[in-house]
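In what follows, a single structure is set out as structure tokens and then discussed.
The values are calculated or read from the model by the stated rules, or taken from the named source; none is laboratory data. The structure presented is a predicted model; accordingly, all values stated were derived computationally and were not measured. Reconstructed Cβ throughout: ideal geometry from the backbone, glycine too, with neighbour counts over all protein chains shown.
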Amino acid sequence: MIEKLKIGLVGCGNMGGGLVEGILDRGLAKPSQFTAVDVREAALKPLAQLGVHTSRETRDAVVDQDVVIIGVKPQTAPEVLDLVGRLLQPSQVLVSIMAGVNTARIEEAVGAPVAVVRVMPQILARIGAAASAVCRGRHADAEQARMVCELFDQVGTTVLVEETQMDAVTGLSGSGPAYVYTIIEALSDGGVRVGLPRDVALKLAAQTVMGAARMVLESGQHPAVLRDQVTSPGGTTIAGLHALEAKGLRDALMSAVQAATLRSAELGDD
């Protein structure tokens, strides 16, 4: 299905532009299937170099497209959605990757009974490793949601959730890369602290995090089971884990997800 879609993108920032780059890198879609719109020439240039049709006119990303992706900042959404709503046809699917803007607000701003599907992706889409959550508005059916999931599966993996869970998704996976970058940096600092060169410590830390994550996903085993497999009685790992517990790593990470979730809800109420 992806090979036949005509896709318009309004807003080519880090998320929108990265999404298109990630999909094209997978090789199932062609640049000619995309039309990207942004008011900034600098945002359009990388996509134009890939062969994507670019424009500064919003209508070019809407008219005759199968899927229209909205990737603008939430504060500019009302004006953009008003224009998009006047151009959309009932057969089209409107996909939002805007943070904190729920489907009801989008449907109201568009002013027409169109299929709206909301996605919370990650910048990791650029390298095909994003975790994206998908929920559908009241006019979108299961088949349209499945099509959007298939599209975003090109740049990682997707999960279908209820809209009431999207703030929690934002707090966990939306903000999650920043938490993991901090963990990698801290592990690297620890390596330097005990005598490793910075480049060696950073490479080891990043590869360890990536490998551990792959093991969780590919084995299907609970992280606690995998942790026990590398924790020998009286060994080095249990000594390190004891230090993490004493410093409150679990509490810190759980609190980070909770704080980001609450902030996402606040932004959605603005």
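Tally time: how many residues in the range 112-123 are under 14 Å from I97 (Cα atoms) and surrounded by fewer than 20 Cβ atoms within 10 Å (Cβ to Cβ)?
1
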Quiz item: If you go through the range 246-268 one residue at a time, do you hit one that is in contact with a Phe, Trp or Tyr (Cβ under 9 Å, 6 or more places away or on another chain) and not small (G, A, S)?
Solution: yes
Quiz item: Filtering the range 234-270 down to residues that are without any contact (Cβ under 8 Å) to a residue 40 or more places away in the chain and part of a loop (DSSP other than H, G, I, E, B), which residue is surrounded by the fewest Cβ atoms within 10 Å (Cβ to Cβ)?
Solution: G234
Quiz item: Picking from L249, L226, L262, which residue would you name as being touching a Gly at 6+ places or on another chain (Cβ under 9 Å) and not assigned by TED's automatic domain parsing to the domain that holds T76?
Solution: L262
Exercise. Can you confirm whether the range 165-178 contains a residue that is at pLDDT below 95 and among the acidic types (D, E)?
Key: yes
Practice problem: Could you list, in sequence order, all residues of the range 1-27 that are among the hydrophobic types (A, V, I, L, M, F, W, C), modelled with pLDDT under 95 and surrounded by 13 or more Cβ atoms within 10 Å (Cβ to Cβ)? | Solution: I2, L5, C12, M15, L19, V20, I23, L24
Quiz prompt | Matching residues, the range 103-142, being over 20 Å from Q75 (Cα atoms) and polar (S, T, N, Q) | solution = S132
Practice problem: Can you tell me which residue among A115, A125 is of a type outside the set (V, I, T) and in contact with a Leu (Cβ under 6 Å, 6 or more places away or on another chain)? | Solution: A125
Quiz prompt | Residue identified as out of contact with any helix residue (DSSP H, G or I) (no Cβ under 6 Å at 6 or more places or on another chain) and surrounded by 19 or more Cβ atoms within 10 Å (Cβ to Cβ) among S173, S132 | solution = S173
Exercise. Out of the residues in the range 191-218 that are touching a Leu at 6+ places or on another chain (Cβ under 9 Å) and not hydrophobic (A, V, I, L, M, F, W, C), state the one that is nearest to G156 (Cα to Cα).
Key: T208
